[in-house]
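The values are calculated or read from the model by the stated rules, or taken from the named source; none is laboratory data. Bear in mind that the values here come from a model prediction, so they are computed numbers and not experimental data. Here Cβ is always computed from backbone atoms with ideal geometry, including for glycine, and neighbour counts include all displayed protein chains.
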Amino acid sequence: MKFLRLNKWLVFFLILPLMGIAILSFALAYPFTKEAFLINLATDAISIIVTVVYVDWILHRFEDEKWKEVKKNTFQMKYL
């Protein structure tokens, strides 16, 4: 049951926000013009970097949550 709870946590904090941003981006998209190419290119690069950092942060939090109980038990056993 704990595995299911952690997967819901991952879906709530990783998949839903990224899907929301993608849907908002499609809704706000405008027709492509040549003048806006470099702006679009820079925006894409920034959004890729932000997405990678965000996903890495969320996955680290997910791993910490998953191993929290093991670390706690290991620490208690070490000092018994």
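Worth a mention:
- Residue pairs whose Cβ atoms lie under 6 Å apart, separated by 6 or more positions or on different chains, with the first residue in region 56-72 and under 18 Å from Leu18 (Cβ atoms) and in contact (Cβ under 8 Å) with a residue 24 or more places away in the chain and the second among the hydroxyl-bearing types (Ser, Thr, Tyr) and surrounded by 10 or more Cβ atoms within 10 Å (Cβ to Cβ), do not occur.
- Every residue from region 9-22 that is modelled with pLDDT of 75 or more and either touching a helix residue (DSSP H, G or I) at 6+ places or on another chain (Cβ under 6 Å) or exposed (fewer than 10 other Cβ atoms within 10 Å of the Cβ) (or both): Phe13, Leu14
- Considering region 37-75, and only residues there that are more than 30 Å from Phe26 (Cβ to Cβ) and among the basic types (Lys, Arg), the residue that is nearest to the chain's Cα centre (by Cα) turns out to be Lys66.
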